[in-house]
Amino acid sequence: MSVEFSETPGGEPTNEGISIDALYRKYSEALRRFLARRHVKRDEVADIVQETYCRVLKSGELQTIRYPRASLFQVAGNVVLNAAKHRRSVGEDDAIDIWSAEIVDESPSPYRRLKAEQELGVVRAALTELAPKCREVFVLNRFENRSYSEIAQELDLSVSMIEKYVSQALAHLRKRLAHPPPR
């Protein structure tokens, strides 16, 4: 039995009478475009589309899918990930396809750099607001990677006091980062 979709006011199909055939007719081209954007090799697209529909059908939950398009795309994404894992495990993924390789610039965007600089300014200001001993303990622990017991020994304090100073400093920094003082 093949039943066409009816549309809800939001444009999402209802699940009354969904058939795998209707899902295929409605979404297969969009699914192919989605896979192409994910840099799936052309010769693998048809297999992944078929595997996607097979998994949806095997799930036995065809009638309960609330958002068929989103579900199909999620399943297809999982199929792509599983195929990549399989290729890596059997060593097929050693060669790089230079036509589909994506060069990613990992340097932060100007916005992220500015935001990081602003946050660093807030952290520096917050550190100056701490009591001198609290600041010293925090810097030794977080910036010099010293253990609580090392700091306690060096400053002649108890380990519990070091824990309290670090907790106070972290709480103060969280508060300042959440609500920076006006400039």
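Scanning the stretch 7-33 for residues that are at pLDDT 85 or above and closer than 19 Å to residue 78 by Cα, we see that the one that is most open to solvent (accessible area, probe 1.4 Å) is 33. In the stretch 34-58, which residue that is in contact with a helix residue (DSSP H, G or I) (Cβ under 9 Å, 6 or more places away or on another chain) and not in a helix (DSSP H, G or I) is surrounded by the most Cβ atoms within 10 Å (Cβ to Cβ)? Filtering first and then ranking leaves 40.
Within the stretch 68-82, the residues that satisfy the criterion of being open to solvent by 20 Å² or more (accessible area, probe 1.4 Å) and either outside any helix (DSSP H, G or I) or over 18 Å from residue 20 (Cβ atoms) (or both) are 80, 81, 82. Does any residue of the stretch 127-145 turn out to be over 30 Å from residue 48 (Cα atoms), assigned to a loop (DSSP other than H, G, I, E, B), of a type in the set (Gly, Ala, Ser) and modelled with pLDDT of 90 or more? Scanning the stretch 127-145 turns up at least one residue that is over 30 Å from residue 48 (Cα atoms), assigned to a loop (DSSP other than H, G, I, E, B), of a type in the set (Gly, Ala, Ser) and modelled with pLDDT of 90 or more. Of 124, 88, all but one fail to be modelled with pLDDT under 95, within 30 Å of residue 30 (Cα to Cα) and not aliphatic (A, V, I, L, M); the exception is 88.
At pLDDT below 85, open to solvent by less than 80 Å² (accessible area, probe 1.4 Å) and assigned to a helix (DSSP H, G or I) - does that describe any residue in the stretch 59-67? Yes - at least one qualifying residue is present in the stretch 59-67.
The values are calculated or read from the model by the stated rules, or taken from the named source; none is laboratory data. Note that the coordinates shown come from a computational prediction; the quantities given were computed from them, not determined experimentally. Because the Cβ atoms are built from the backbone with ideal geometry, glycine has one as well, and the counts that use them run over all protein chains shown. Note: accessible area is taken over every heavy atom of the protein model, side chains too, but ligands, DNA and RNA are not part of it. Shrake-Rupley method; radii C 1.70, N 1.55, O 1.52, S 1.80 Å.
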